[in-house]
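The values are calculated or read from the model by the stated rules, or taken from the named source; none is laboratory data. Predicted model, so just to flag it, every value in this text is computed and none were measured. Methodologically, a virtual Cβ is constructed for each residue, glycine included, from the backbone with ideal geometry; neighbour enumeration extends over all protein chains shown.
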């Protein structure tokens, strides 16, 4: 069966159009939230901390704040995108259409990841208002941002299939992702932690994402960039395998 490009584009355009219909929630709210982080952590706390690993503290937290927003928005956009058709019952039209798993994933996940990348660009521009930062490896930074957005859009797609109510869409992002992000070196270097907490922190997958992006900015991080890429690709492969099982069995889609 050939790839249904027209069907994929229809899903992609529909999901992307939802961003402009909810512009305040989709774009402005995350930007305002990130600005508050810069004011509190970059301004108030940063004024009392000279540098972190040779990088001014306000600039040090830019990759972490960017990753915090990417993870939250990618997961939220993708989960709501697939949950809404389930809630309204239009998912059966999708299942009966000549569109396979690959086309569905590219449409929904691609749209969610695109929103996150657009938001990342806006946040980077916003950060310039508060701090002067640099990106030593811009191409690798762009690649890593896209990979992270796609990986957590895949996770969001799984959560959207799993949730049986709107409140459940927030369970994993609020109770799992947000704590892991704050404990993943967003506002500090894990090298500051005493043992055994430094070793325990390495089991937090968000550590690899934050430090992978931080390396592309400043050429230094607590985790090797190759390990960060490997962890991200492995997580993507795991999510794709889970989604394949969901479509094969029809779990939560046909019930």
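Below are the figures for this structure:
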| read-out | value |
| --- | --- |
| Some residue of region 106-124 being loosely packed, with under 15 Cβ neighbours inside 10 Å and at pLDDT 90 or above | yes |
| From the options 109, 146, 150, residue that is farther than 17 Å from residue 208 by Cα, touching a residue at least 12 places away in the same chain (Cβ under 8 Å) and part of a helix (DSSP H, G or I) | 109 |
| Yes/no for residue 239 being more than 30 Å from residue 40 (Cα to Cα), in contact (Cβ under 8 Å) with a residue 40 or more places away in the chain and either surrounded by 21 or more Cβ atoms within 10 Å (Cβ to Cβ) or out of contact with any helix residue (DSSP H, G or I) (no Cβ under 6 Å at 6 or more places or on another chain) (or both) | yes |
| Unique match (being under 20 Å from residue 219 (Cβ atoms) and either modelled with pLDDT under 90 or under 18 Å from the mean Cα position of the chain (by Cα) (or both)) among 154, 95, 66 | 66 |
| Inter-residue pairs, beta-carbon under 8 Å, first on the phi < 0 side of the Ramachandran plot and exposed (fewer than 14 other Cβ atoms within 10 Å of the Cβ) and in region 162-186, second in a helix (DSSP H, G or I) and modelled with pLDDT of 85 or more, 6+ apart | 166/83; 166/87 |
| Hey, residue 85 touching a helix residue (DSSP H, G or I) at 6+ places or on another chain (Cβ under 9 Å), surrounded by fewer than 19 Cβ atoms within 10 Å (Cβ to Cβ) and free of Cβ contacts under 8 Å to residues at least 12 places away in the same chain or not | yes |
| Subset of region 193-216 that is out of contact with any helix residue (DSSP H, G or I) (no Cβ under 9 Å at 6 or more places or on another chain) and part of a loop (DSSP other than H, G, I, E, B) - its residue that is nearest to residue 238 (Cα to Cα) | 203 |
| Any hit, region 53-72, residues being in a helix (DSSP H, G or I), exposed (fewer than 15 other Cβ atoms within 10 Å of the Cβ) and out of contact with any helix residue (DSSP H, G or I) (no Cβ under 6 Å at 6 or more places or on another chain) | no |
